[in-house]
Amino acid sequence: MTKKLLIQVLEREYTTSIPFWLMRQAGRYLPEYRALRAEAGSFLNLCFSPDMAAAATLQPIDRFDMDAAILFSDILVVPHALGQKLDFREGEGPRLEPQKKINEINFETFDKKLAPVYETIRIVKKNLAGDKALIGFAGAPWTIACYMVQGYGDGEFSEVKKFAFNNTAEFDRLIEKLVEATTHYLIEQIKAGVDAVQIFDSWAGLLPEPYFGRWVIIPTQNIVTNIHKLYPGFPIIGFPRRAGMFYQDYAEQTGISCVGLDQHCSLEQAICSFGSKVALQGNLDPVALLAGGKTLEGEIKRILAEAGKSPFIFNLGHGVIKETPPENVAQLAKLLKSYQRE
Ligand code: CP3
């Protein structure tokens, strides 16, 4: 069998077609997702029901024929499996019982709680076409710690930063435990059959130096090293959202195969400064996808032109916005499928 297009790019091979998938490609903008979500009753029940979670994973592929499926789950199942109380309230986002410390991890209990996720991967693999990749994922330690310590998301996490800056050694220990849990979780996903993994560090951009190195780069580098000890060269995408000037250090120091760019940085500059070391992904503003039409077409063409001949995966700079018309995603899919570089 020939190598999957997405994996070729993650290995920095030159391809004439550009693979695409979208962060949050499964979700509320799709009527078929809303139906499945209603059937499941709660979001967590959907995440932990393997047949339904596998169906949600495959919905966008059936409709738009992306080059990769991303496992349907959530980054917060990790604190949940570590014993933290988690609740997704309608229209309010996640709520956790705040916690600043993780004791010894019992991986038997952890895997028991996450067994439905591993089962979802096995079901998807059976039903996914051979030329498509399945991406597993986890939240990065810093982003998970934000939700664990504060208990909810507000885009600022000042309480978490204050605690971390005032108690660096204690916060280091929390991050180290999360490195341990995340490594274990991603390795179990690899054993279950995912072809690549993505580490979501959605709140990386909140940390100034020297903490960006300490709580974003080093923990990510440790996870990558741990995975590569068992699976040398396994493709890992890192997404340090809003990392700005720190993107380059992240790309050069973490050992990651591919870096996900948000819409706030320049693809052209990223290619010049670290595009010879890692594959790149992302950069389309989710609002351009929401807008559709000429706006969307213009942005897609700009990105394709800037990507040039670099190893590139087309994606958004953050997740699909829930008001996005599915027709706009169909427009994007059509354009990308007809695109061939020399
Ligand atoms: O299609 C995919 O990308 C796969 C599934 C996926 C979800 N969440 C499903 C989801 C993935 C990869 C995530 C990652 C995730 N979850 C992140 C990192 C990426 C990012 O967006 O920054 C974060 C920070 C979370 C935590 C989280 N989960 C929040 C803050 C929320 C509430 C906000 C919202 O959009 O409602 C969720 C809920 C969530 N995760 C939903 C979905 C489809 C919506 C809940 C529902 O359907 O009822």
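The values are calculated or read from the model by the stated rules, or taken from the named source; none is laboratory data. Because the structure is a prediction, the values reported are computed rather than measured. Neighbour counts run over all protein chains shown; Cβ positions are idealised from the backbone, glycine included. Just so you know, the surface numbers come from the protein's heavy atoms only, side chains and all, with ligands and any DNA or RNA stripped out. Shrake-Rupley method; radii C 1.70, N 1.55, O 1.52, S 1.80 Å.
Here are the numbers for this structure:
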read-out: When residues of the stretch 1-32 are limited to those that are buried (at least 20 other Cβ atoms within 10 Å of the Cβ) and within 13 Å of the ligand (Cβ to nearest atom), the one farthest from Lys132 (Cα to Cα); value: Tyr29
read-out: Scope the stretch 132-154; condition within 12 Å of the ligand (Cβ to nearest atom), open to solvent by 10 Å² or more (accessible area, probe 1.4 Å) and not in a helix (DSSP H, G or I); matching residues; value: Phe137, Tyr152, Gly153, Asp154
read-out: Residue that is farthest from the ligand (Cβ to nearest atom) [pool: residues in the stretch 104-124 that are open to solvent by 30 Å² or more (accessible area, probe 1.4 Å), touching a residue at least 60 places away in the same chain (Cβ under 8 Å) and within 15 Å of Ala181 (Cα to Cα)]; value: Phe107
read-out: Identity of the residue in the stretch 33-59, among the polar types (S, T, N, Q) and open to solvent by 40 Å² or more (accessible area, probe 1.4 Å), that ends up farthest from the ligand (Cβ to nearest atom); value: Asn45
read-out: Residues satisfying the stated conditions in the stretch 155-174, i.e. open to solvent by 10 Å² or more (accessible area, probe 1.4 Å) and either in a helix (DSSP H, G or I) or in contact with a Gly (Cβ under 7 Å, 6 or more places away or on another chain) (or both); value: Ser158, Glu159, Lys161, Lys162, Phe163, Phe165, Asn166, Thr168, Ala169, Glu170, Asp172, Arg173
read-out: Ala129, sole failed condition from (1) open to solvent by 40 Å² or more (accessible area, probe 1.4 Å); (2) assigned to a helix (DSSP H, G or I); (3) among the aliphatic types (A, V, I, L, M); value: (2)
read-out: Test result for Ser276, touching a Ser or Thr at 6+ places or on another chain (Cβ under 9 Å), open to solvent by 10 Å² or more (accessible area, probe 1.4 Å) and more than 16 Å from the ligand (Cβ to nearest atom); value: yes
read-out: Yes/no for Glu268 being assigned to a helix (DSSP H, G or I), open to solvent by 50 Å² or more (accessible area, probe 1.4 Å), closer than 12 Å to Leu280 by Cβ and not aromatic (Phe, Trp, Tyr); value: yes
read-out: Cβ pairs under 7 Å, 6+ apart, first in the stretch 315-336 and under 15 Å from Phe20 (Cβ atoms), second of a type in the set (Val, Ile, Thr) and assigned to a helix (DSSP H, G or I); value: Leu332/Ile300; Leu335/Ile300
read-out: For His80: the one exception among (1) open to solvent by 50 Å² or more (accessible area, probe 1.4 Å); (2) part of a helix (DSSP H, G or I); (3) away from the ligand (no atom under 11 Å from the Cβ); value: (1)
